[in-house]
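Following: one structure in structure tokens, then a few remarks.
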Amino acid sequence: MATDAKRLKTEGSDPLQSFLQWCEVVGLKLNNKVYISKEGTVAEYGMLAKEDIDEGELLFTIPRMALLHQGTTKVLDVLEEGKASLENTSGWVPLLLALMYEYTSPQSHWRPYLSLWSDFTALDHPMFWSKDERDRLLKGTGIPEAVDTDLTNIQKEYKDIVLPFITLHTDLWNPERHTLDLYRSLVAFVMAYSFQEPLDEEDEDEKDPNPPMMVPIADMLNHVSNHNANLEYTPECLKMVSVRSIRKGEEVFNTYGQMANWQLLHMYGFAEPYQSNSNDTADIPMSNVYKAAVQVTRSEAEQRLLVEKWSLLCEMEMVGDKGVFIFGKSGSLTDTEMYTTLKILCMSVEEFEDFRENEGWEEADDDEEKMLQALSNEGLPSLPPLWRHLVHAAARFTLDSYGEDMLKDKVLLEDEDGYAKLSSRQRRALQVRYGQKTILHQLLELTKP
């Protein structure tokens with residue numbers, strides 16, 4: 001196969017044509033009604049319809065041997081032998097080592113596939129922005145903190161696990177070539193382009209998640225929340241199937257899951273227009289709810305009671321130092337945690353003592369449906385006044401944490417000329433910020449006195 005890959009690469013200078021020839025060799029079958037292009041797509045490569053496509057049509061199939069992961073790479077024996085030393089929290093190290101080898105090997109079976117990315121400058125995740133740029137454009141969104149954690153973990157993972165391993169195998173890897181910079185770029189590549197096969201329902205509680213893998217052609221499809229295709233997994237192959245009709249000339253969109261804009265920018269390097277992302281969310285730090293509760297205490301006794309209530313909520317694992325309550329466009333997405341927190345924080349001394357003595361309340365008192373309704377957009381205005389006040393104040397504290405004023409962002413979004421002059425980073429950051437602020441502002445309106 002390596003010979004085929006090398007031959008295909010030399011047959012034409014166009015990386016896409018070489019890749020498509022490789023697809024034929026490895027048995028990847030593409031429906032004649034679709035094609036891959038960089039023109040007419042929302043970003044980089046994408047898939048477009050040549051003809052009208054019906055719902056349920058098979059768009060392409062990928063045999064499992066065409067997938068790139070730790071079980072198909074040429075260095076699989078070495079990775080398997082060193083398995084114990086490669087264990088880490090993310091579970092990504094074996095794939096990243098495989099990619100480091102395959103990406104830099106001229107004889108790689110996956111050369112025509114990986115040659116589509118001659119370098120990684122097209123990857124523009126916030127991890128590649130300067131810290132000043134992240135903090136300035138994305139303050140309050142949660143992304144700067146997530147990126148700081150990523151970069152710390154990547155550096156530690158490379159230094160403590162990857163570098164010692166490749167130093168033991170200099171016949172396959174070279175520390176001077178397989179550097180921290182390359183490793184960081186490949187982490188972003190895996191973030192943006194890899195797939196993770198879901199576990200069967202019966203295995204979800206017992207097994208660790210499947211490791212990520214690279215899926216040629218499937219990773220070229222772009223994402224929107226209102227997607228028109230979906231990837232299906234079978235024992236023999238992976239299949240991309242249309243989930244609704246697609247008209248000639250339309251782009252074929254996969255889904256990366258229910259992703260908020262901040263997650264899309266953090267993990268994939270792009271954001272949807274805030275209005276069209278039905279999965280967008282805003283986080284309210286749990287500490288902001290505590291801060292709101294502190295403000296309504298009127299005596300030392302009430303402050304001590306609040307500390308006891310918060311300690312109990314921590315024991316119940318309803319809140320945590322770095323935890324967040326998540327709100328979407330239709331209301332709370334963390335119903336149990338938010339409802340339980342509000343209920344306990346707003347209890348009288350007597351109610352709290354009874355609650356502690358009884359070790360909680362009867363499950364029937366607060367079923368999931370009741371909590372979901374109470375914290376929906378329809379239910380929020382009817383919450384008890386103190387509950388509403390805490391949500392309102394916490395949302396206000398969260399809005400105040402952003403670097404840019406909401407009105408200023410709104411004006412910028414509505415000014416076509418001004419928006420066009422922004423850099424791509426500024427535009428993406430603006431969509432993330434304003435989408436979150438819109439949800440928080442809606443929450444203020446629903447909980448106002």
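Annotations
- Selection count where residues are over 16 Å from Val215 (Cα atoms) and either surrounded by 21 or more Cβ atoms within 10 Å (Cβ to Cβ) or in contact with a Gly (Cβ under 9 Å, 6 or more places away or on another chain) (or both), scope the range 95-107: 2
- Residue check for Ala229: in contact with a Leu (Cβ under 7 Å, 6 or more places away or on another chain) and modelled with pLDDT under 95: no
- For the condition of a type outside the set (D, E, K, R) and free of Cβ contacts under 8 Å to residues at least 60 places away in the same chain, Gly360 qualifies.
- Among the residues of the range 400-448, those identified as surrounded by fewer than 20 Cβ atoms within 10 Å (Cβ to Cβ) and among the basic types (Lys, Arg) are Lys408, Lys410, Lys421, Arg425, Arg427, Lys448.
Okay, residues lined up against (1) more than 14 Å from Ala429 (Cβ to Cβ); (2) in a helix (DSSP H, G or I); (3) in contact with a Ser or Thr (Cβ under 9 Å, 6 or more places away or on another chain):
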| site | (1), (2), (3) |
| --- | --- |
| Glu133 | no, yes, no |
| Gly140 | no, no, yes |
| Pro144 | no, yes, no |
| Val147 | no, yes, no |
| Leu151 | yes, yes, no |
| Val162 | yes, yes, no |
| Ile166 | yes, yes, no |
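- The single condition among (1) free of Cβ contacts under 8 Å to residues at least 12 places away in the same chain; (2) closer than 20 Å to Gly249 by Cβ that Thr41 does not meet is (1).
- Candidates are the residues of the range 301-312 that are free of Cβ contacts under 8 Å to residues at least 12 places away in the same chain and within 15 Å of Ser348 (Cα to Cα); the one that is most open to solvent (accessible area, probe 1.4 Å) is Arg304.
- Here is the figure for the range 273-300: residues that are open to solvent by 40 Å² or more (accessible area, probe 1.4 Å) and over 25 Å from the mean Cα position of the chain (by Cα) total 8.
- Residue in the range 114-133 that is within 30 Å of Asp14 (Cα to Cα), at pLDDT below 95, of a type in the set (S, T, N, Q) and open to solvent by 30 Å² or more (accessible area, probe 1.4 Å) present: yes
- Residue list for the range 169-213, filter: free of Cβ contacts under 8 Å to residues at least 60 places away in the same chain and part of a helix (DSSP H, G or I): Leu180, Asp181, Arg184, Tyr193, Glu201, Glu202, Asp203
- Candidate set: the range 12-44, residues that are modelled with pLDDT under 90 and within 17 Å of His223 (Cα to Cα); chosen: the one least open to solvent (accessible area, probe 1.4 Å): Thr41
- Taking the range 334-365 as the range and being under 33 Å from the mean Cα position of the chain (by Cα) and either over 27 Å from Val307 (Cα atoms) or surrounded by 17 or more Cβ atoms within 10 Å (Cβ to Cβ) (or both) as the test, the residues that pass are Thr334, Asp335, Glu337, Met338, Tyr339, Thr340, Thr341, Leu342, Lys343, Ile344, Leu345.
- Residue satisfying condition, being at pLDDT 95 or above and part of a loop (DSSP other than H, G, I, E, B), within set Met240, Met318, Met259: Met318
- Positions within the range 233-255 being in contact with a helix residue (DSSP H, G or I) (Cβ under 7 Å, 6 or more places away or on another chain) and open to solvent by 20 Å² or more (accessible area, probe 1.4 Å), in sequence order: Glu236, Cys237
- All positions within the range 72-94 that are hydrophobic (A, V, I, L, M, F, W, C), surrounded by 12 or more Cβ atoms within 10 Å (Cβ to Cβ) and free of Cβ contacts under 8 Å to residues at least 40 places away in the same chain: Leu76, Leu79
- Residue in the range 411-431 that is among the aromatic types (Phe, Trp, Tyr) and in contact (Cβ under 8 Å) with a residue 40 or more places away in the chain present: no
The values are calculated or read from the model by the stated rules, or taken from the named source; none is laboratory data. Just so you know, these numbers come straight off a predicted model, no measurement behind them. Positions of Cβ are generated from backbone atoms using ideal geometry, with glycine treated the same way; all protein chains shown enter the neighbour counts. With ligands, DNA and RNA removed, areas are computed over all heavy atoms of the protein, side chains included. Shrake-Rupley method; radii C 1.70, N 1.55, O 1.52, S 1.80 Å.
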